[in-house]
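The structure under discussion appears below in the form of structure tokens.
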Amino acid sequence: MSHCQITLSVNAGVALHLGAMRVWSDALHDHRVVGFSTVTPERWNILQAHPDFASPDLLFFTHCHPDHYSRALTEQVIAQNPQVALVLPEQEFDRQVPAAISPWRGCTWTSCA
């Protein structure tokens, strides 16, 4: 049986360990939105030192709202972990995603409509 572990960062952000795979979902956002917790500089230092937030294999963002996604933190994680894959499910990310990683490592857009 594979091991599964979920570790909360802030707001809706989590680090998922699915066997040997490390997935961060909505874990990188640093813009304060009223009513939601955010990755403050202090919290970012804690997350970077925590073993559950080491060497992600996949960064996944559910949508591009500021309480789920930060371009600056995403760029930092990609620079530190060049092997990481990135999943961005919305066209709006085109304006926010770092130019250095476009066109999103082979991702294609599909419509559910």
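All of the numbers you see were taken from the coordinates with simple rules; none came from a lab. Since we're looking at a predicted model, the values are computed, not measured. Every residue, glycine among them, receives a Cβ derived from its backbone with ideal geometry; neighbour counts consider all protein chains shown.
With Cβ to Cβ distances under 11 Å as the rule, what net charge do the other residues near ASP30 carry (K, R +1; D, E -1)? Write down the numbers at each step before the final one.
On the way: positive: ARG32, ARG43, ARG71; negative: ASP67.
With Lys, Arg at +1 and Asp, Glu at -1, the neighbours total +2.
Within the stretch 25-58, name every residue whose backbone N is under 14 Å away from a label modeled 7 Å from Cα of LEU18 along the Cβ vector.
25-26, 57-58
To the nearest 0.05, how large is the calculated FRET efficiency for ALA54 and HIS31 if R₀ is 22 Å and r is the Cβ-Cβ distance? Show your work: numbers first, answer last.
Details: r = 24 Å, r/R0 = 1.10.
Calculated value: 0.35.
So what's the net charge close to ILE46: Lys and Arg +1, Asp and Glu -1, counting the other residues with Cβ under 15 Å from its Cβ?
Taking every other residue near ILE46 into account, the sum is -2.
For a test of the definition: using alpha carbon positions, the gyration tensor, and the 1.5 limit on a/c, classify the stretch 14-73 as rounded, prolate or oblate. Numbers along the way, then the final one.
Values: a/c = 2.31, a/b = 1.44, b/c = 1.61.
It is oblate, given that a/c is not under 1.5 and a/b is not larger than b/c.
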